[in-house]
Amino acid sequence: MINNLTNSTSKKWSLDSKIDKTLLKIEVFTMSLVFTLAVIGNTIVILTLLFRHLIKSKKFHTQRFTKLSRMNFYILHLSIADIYVSFGNILTMLLWRMNNNLFYGGDIACRLVVYFQLVTVYYSTYVLIAMTIDRYEAISKPLMGLSWSRRRGLLYISIAFIISHLQGLPQIYFFKLRVIPDTEPEKISCYAEFKPLELQNIYIIYTWLMQFLIPLAIIIVCYASISVKVFNSIKNKSNSGNSRTPLKTERKKSSLLRNDDISAFERSKLTKSFDISRTTSTCNSTMNYSLKNLKQNLSVCSDGSIPDQNRTDVSEFRQHCQKNFSKSKIKTIKLTLSVIILYVICSTPYFIGMILNVMLQESLNIKFFKYMIVLSCLLFQLNSCVNPWVYLSFNVKFNCLKLLNLIPVINRRTMKSKEAKI
C-alpha cells in the first residue's frame, strides 16, 4: 500500500497531531463500515449461490446441490475474492490504523500482513479479468463457449490465484519491522525503505501496471469485441424481416404440392424447384442454431412437402434465440460491465495518487496529498463492499428472508406452521 511506502520518508510526511487524529478517525470509521458491509453482502451472495436449490425446496433433507451456471460460477469466486480482500486487506489495515500505525507483531507477521494486503487486491482484480474473458468467449466465440466446463473455469481461477500470489512476493522483501525515526521513546512500525529512492518509484510504477493499467487494457479490448458482436446482432435482427420471405414462399409451394389437381409431371417439377429453394432458405435461417436443430429443420415428408411444425419451428426458434440473447446474455453483459465500471471508478483515484507520488513528490502540497491518498485508499477498498449489492440488484427474484430456511430450527417451525394450517 502506498501509505506504507511513504513511511520511508517519515520526516517529510509528519504533520501535526490534530490532522493525524482527524484522518485516523475518518479511516477507522469508514473501514469499519466498509468491512462490515463487504462481509455481510458477500456472505449473502455466497450462501445464495451455494444453497439456491435448497432455498427453493420444500424438503430440506432430500435435496441435492445443482451445478452452478457459468456466470454464477464467476460471481461466486469474485465474492470469495472480495471476502479475501475484506479480511486480508481491510481488516488488517483497520487494526493497523487503530494502533496509530504502530505494529506490535514480529517481523514475520509484518511481512505476511503486507504480503496479503497486496495479494488479495491482485487476486480480486485477476478474477474480474477471468470473468471478462469468459464473457468475451461466450458472446464473441459461441462455439468455444459451448465447450465450457467447470474444470475450465477452475483453470482460469487457479491461474489468477497463482499469478496474484507471485506478484506479492516483493512485499516480503521490501517490508520489515523498522524503528520510526525521531520518536522518543522509540516506536516500531512495518514499512518499506527503498535505497536508492528511485527503486520505490520503479516498484510503484510496476504495481500500477500489473494491478491497473494492463488489466484495464484487457477489459477494454474484450468489451470492445463484445460491443461489436452485440451491435452486429442487433443489426441482423433488424434485417430479419427479409429472411422471412422465403418461409412464406415455402408455405405456398407446399400447399401446391398437396393439390390433387396437379399432374404428376408438374408435381415432380415443383418438387425439384421447391427442394432447392427450401434448402437454401432453411440453411440461411438456421445457420446460428445447433447441429441437431439444423438436421431436424432439413427434414422433408415423403410426399415432398414440409410438415407444419417444421415450417413454424424455424421462425419461432429464431425469435426464441433472439429473446434469449437480448435477455440472458445482455443481462450478464450489463452485470459484468457494471462491476467493471465500479472497479474503474473506485480504483482510478488511488492509482492516480500513486503516479502523482512518483512524478510530483517534491512539489506536492503535503497536507492535501495526504488527505487525497487516504480518501483514495478508502474508495479503493469500497469496491469490495459494493460488488455483492450489484449482484443482488440484478437478481430481482432474490429474497433475503429465504435464507432463514437454511437454518434447520426455523425450517422445522415453518413446516409445522404449514401443517397446522392444513
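For the stretch 185-205, the set of residues classified as of a type outside the set (Lys, Arg) and not in a helix (DSSP H, G or I) consists of PRO185, GLU186, ILE188, SER189, CYS190, TYR191, ALA192, GLU193, PHE194, PRO196, LEU197, listed by residue number. Where helices (runs of 4 or more DSSP H) fall wholly inside the stretch 89-184, the ranges with 3 or more residues that are in the same structural domain as LEU213 (by TED's automatic domain parsing), surrounded by 15 or more Cβ atoms within 10 Å (Cβ to Cβ) and of a type in the set (S, T, N, Q) are 107-140.
The values are calculated or read from the model by the stated rules, or taken from the named source; none is laboratory data. Every value quoted in this text rests on a predicted model; they were computed, and no experiment measured them. Note that we place each Cβ from the backbone using ideal geometry, even for glycine, and neighbour counts take in every protein chain shown.
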